[in-house]
Structure formats: C-alpha cells, structure tokens
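Peer 1: First, the structure itself, so that you have it in front of you.
What follows is calculated from the coordinates using simple rules that are stated; it is not laboratory data. All of these numbers come straight from a predicted model, not from anything done at the bench.
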Amino acid sequence: MLSKVVHFEIPVDDPARAIEFYEDVFGWKIERWGDLDYWLVTTGEDDEPGINGAILPRDMYPKVRNAISVDSYDEAVGNIESSGGKMLTDKMNVPGIGDTAAFKDSEGNVFLIIAPEKKD
C-alpha cells in the first residue's frame, strides 16, 4: 500500500505577515482553525492535484513538516520504529480528522502520520 502526503505545516514568525504573503503570491485561502494559533491553508480546488496544509507559529515547531496518511496507526508506528524511525510525540486524536503523532525518520527528518477516522 502506498501512503500519500496529505498535509503540510509551514512554521512562521509572524502569522499575519505570512498569511498576507501566501494569499497575495499564490491566492491561497487561509482561515484560522478554532481558537488555536493554527491556520488552515487551502491551496486549490478539491478536484485539482495537490494538498492543503497549515500555517503555525514557529515556536510550535520550527521546520516545515509533511503529514502522511496511513491506514493503520499502530501498524505504521511499528513499521516506522522497526525501520529506524523514532516517535517524537504521543498519539493525539484530532476529532473529525483522526489519530496523529510526529516521528523522526532514519535521516533525522520530522514528519507526521495521520490515520483518518473511519467513516461509518
């Protein structure tokens, strides 16, 4: 099974300035997500190729991260760890999204996995 990159996170020093930049330069639609310092980025129409992402304060995490969709959270964690990766954060459930956590790969790059909630 192949797992796709489904989300990105861009850390910024000044969210308002970064939002203005990305809206002006690329025409992205950017909206705050709830009461969090986290802004969801829509990069295009759903029927176009590409992914959406988020902007967050750099102090939450200082580097760009990609989120990769997995079918099974537990299976993915086992595969990551048995292949030399390391879990960096505890598992967190994001209501309406699924289970997620951050990991480091064998080369020191940080990424997220997301096991989407199962739809009934």
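Peer 1: Find how much the distance from K104 to D74 grows on full extension, using 0.36 nm per residue of separation minus their present alpha carbon separation; answer in nm with one decimal. The partial results should precede the final answer.
Peer 2: Details: separation 30, 0.36 × 30 = 10.80 nm, distance 1.61 nm.
9.2 nm is the gain from fully extending K104 to D74.
Peer 1: To continue, here is another question. For Y38, which sequence-distant residues (separation of 5 or more, or a different chain) have an amide H within less than 5 Å of its own amide H, given hydrogens modelled in the peptide plane?
Peer 2: So Y38 has HN proximity to W33.
Peer 1: Mind pulling the angle between the C-alpha long axis of helix 15-26 and the longest principal axis of the chain? Nearest 10 degrees, somewhere in 0 to 90.
Peer 2: With both axes taken from Cα atoms, the answer is about 80 degrees.
Peer 1: Same structure, new question: Using only Cα atoms, find the angle between the long axis of helix 73-82 and the longest principal axis of the chain, and express it within 0 to 90 degrees, rounded to the nearest 10.
Peer 2: That helix lies at roughly 70 degrees to the long axis.
Peer 1: Check which residues have an amide H placed less than 5 Å from A54's amide H, if you skip close sequence neighbours.
Peer 2: When sequence neighbours closer than 5 places are left aside, the close amide H contacts are F8, E9, I10, V41.
Peer 1: For the chain, what does -39500 (n - 2.57) per DSSP helix run (n ≥ 4), summed and divided by total residues, give at 222 nm, in deg cm²/dmol to the nearest 500? Walk me through the numbers before you get to the answer.
Peer 2: On the way: 2 runs with 22 residues, N = 120.
Value at 222 nm, helices only, nearest 500: -5500 deg cm²/dmol.
Peer 1: Sticking with this one: On full extension of the chain, what length is gained from K63 through L40, given 0.36 nm per residue of separation minus the C-alpha to C-alpha distance? Intermediate values should be presented prior to the final figure.
Peer 2: Values: separation 23, 0.36 × 23 = 8.28 nm, distance 1.68 nm.
That pair, K63 and L40, stretches by 6.6 nm at full extension.
Peer 1: Give a residue-ordered list of calculated ³J(HN,Hα) values for the range 96-106 (Karplus: 6.51 cos²θ - 1.76 cosθ + 1.60, θ = phi - 60°; whole Hz; x for Gly, Pro).
Peer 2: Each residue's phi maps through the Karplus curve to give x, 10, x, 8, 9, 6, 9, 9, 10, 7, 5 Hz.
Peer 1: Looking only at V41, V70, V25, which one moves most when the chain is put into a Gaussian network model with springs between Cα atoms under 10 Å?
Peer 2: V25
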